[in-house]
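These notes concern the structure reproduced below.
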Amino acid sequence: MKKFLSRRVAGVYGALISLLVAIPAMADEKSIQEFSAGATPETSTFSLSGEYLVEGTYVGNGDVVRGPHEVRNFDESDILLRFVLTPRIKLGVLRLGAEWERFSFGFSGRAPLPDTLQAVSLVLGIDTQLSDSILLRFQAQPGFYGTDHFESQDVNIPFVIGGTYIYSPDLQLVLGIGVDIERKYPVLPGGGVRWKIARQWLLNAVLPTPRLEFQLNKDLTFYAGGTVKETNFRVGDNFGITRGIPRLNQAVLTYGEIRTGAGADWKVSPVITLSAEAGYQPYRDFDFYRANVRYHQDGGAPYGTISVHGEF
């Protein structure tokens, strides 16, 4: 009974992740301020601005299971690098950059799961203003989504189309769709809300990092919330044969996880913010959905994250 409930809960978590990470957070303060400024997209000239992120996460020992099969006591490291230029043009704000993310797992022996998952992609998009209260984002991330070594079969082009409705300076609603042909459900909707509850309190319930924030002063913000991740990767030509499951050769693996915790953002300068976060990872899932092979979480793990990020 316990295992049945565990599988049911894991299935619900997986469905929620697939549904909710369909669109990125666009209802951020920077986007709203840019379009609310005196210069409109039609009258603005080209100017250079951007954003960056350097982030590292370590997850302690955890377990995943698939029926009688178990993978026990492995840790995880997640490195994420992103750099995006956001020049303004007549149509709006372009998003031009690149992103690299690498998951490394401390599996022992010949585990039936890849010990490395990584993605290298371009970031190509635009934010534009349809009216005084509606912003629209289109963003694609063409790139390689694979394991240790990239091959041509690892190419994928997931993209999102999302909109933000600015009800007021204190309340914005986000809605959109995400498209990924490698996903079990290629087209999924998503949404969220950004609500400034009081002068120092902000509910930023937009994925992939929904959270409740308390701004102590202009340089220091405390928060509690979560991080939701899901990406599709393709494994190598001989991955299945070497593990005794031939149908996993060149298979698509959907990897998803949820982290819940608390942390702080310290704005060191106008363009540099340091963040530290700690918490618990209650959900992790490795799903070769086309081959009907799925390992789900069987016991959570603690994690810690540090990052440097900013806008210019």
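What number of residues within the stretch 119-142 are in contact (Cβ under 8 Å) with a residue 40 or more places away in the chain, assigned to a strand (DSSP E or B) and closer than 24 Å to residue 104 by Cβ?
2
With the condition kept exactly as written, say whether any residue in the stretch 260-269 is over 27 Å from residue 75 (Cα atoms), surrounded by fewer than 18 Cβ atoms within 10 Å (Cβ to Cβ), out of contact with any helix residue (DSSP H, G or I) (no Cβ under 6 Å at 6 or more places or on another chain) and not hydrophobic (A, V, I, L, M, F, W, C). Steps first, please.
Residues of the stretch 260-269 over 27 Å from residue 75 (Cα atoms): 266-269.
Among the residues that remain, those that are also surrounded by fewer than 18 Cβ atoms within 10 Å (Cβ to Cβ) are: 266-269.
From what's left, out of contact with any helix residue (DSSP H, G or I) (no Cβ under 6 Å at 6 or more places or on another chain): 266-269.
If we keep only those that are not hydrophobic (A, V, I, L, M, F, W, C) too, we end up with 267, 269.
Yes, that holds for at least one residue.
If you take just the strands (runs of 3 or more DSSP E) that sit entirely in the stretch 198-312, which of them hold at least 2 residues that are more than 25 Å from residue 176 (Cβ to Cβ) and at pLDDT 95 or above? Explain how you work it out, then say what you get.
Values: elements: 201-205, 211-215, 220-234, 252-269, 272-288, 293-297, 301-311.
Here the list reads 211-215, 220-234, 252-269, 272-288, 293-297, 301-311.
Could you identify the single residue in 64, 93 that is assigned to a strand (DSSP E or B), over 30 Å from residue 302 (Cα atoms), in contact with a strand residue (DSSP E or B) (Cβ under 9 Å, 6 or more places away or on another chain) and not aromatic (Phe, Trp, Tyr)?
After ruling out the rest, the residue left standing is 93.
If a residue has to be small (Gly, Ala, Ser), surrounded by fewer than 20 Cβ atoms within 10 Å (Cβ to Cβ) and touching a strand residue (DSSP E or B) at 6+ places or on another chain (Cβ under 6 Å) to count, how many in the stretch 192-224 make the cut?
Taking the stretch 192-224 and keeping what is small (Gly, Ala, Ser), we get 192, 198, 205, 224.
Now narrow it down to the ones that are surrounded by fewer than 20 Cβ atoms within 10 Å (Cβ to Cβ): 198, 205, 224.
Of the ones still in play, those that are also touching a strand residue (DSSP E or B) at 6+ places or on another chain (Cβ under 6 Å) are 205, 224.
Total satisfying the criteria: 2.
Give all pairs with beta carbons closer than 9 Å in which a residue from the stretch 197-220 that is without any contact (Cβ under 8 Å) to a residue 60 or more places away in the chain and over 22 Å from residue 268 (Cα atoms) meets a residue that is of a type in the set (D, E, K, R) and surrounded by 12 or more Cβ atoms within 10 Å (Cβ to Cβ); count only pairs at least 6 apart in sequence or on separate chains.
Listed by first residue and then by second, the contacts come to 197/170; 203/194; 203/196; 203/211; 203/213; 205/194; 205/211.
Among residues belonging to the stretch 234-259 that are buried (at least 19 other Cβ atoms within 10 Å of the Cβ) and basic (Lys, Arg), point out the one that is farthest from residue 293 (Cα to Cα).
Checked the stretch 234-259; the qualifying residue farthest from residue 293 (Cα to Cα) is 259.
The values are calculated or read from the model by the stated rules, or taken from the named source; none is laboratory data. Given the structure is predicted, the values throughout are model-derived calculations rather than measurements. FYI the Cβ positions are ideal-geometry reconstructions off the backbone, even for glycines, and counts take in every protein chain you see.
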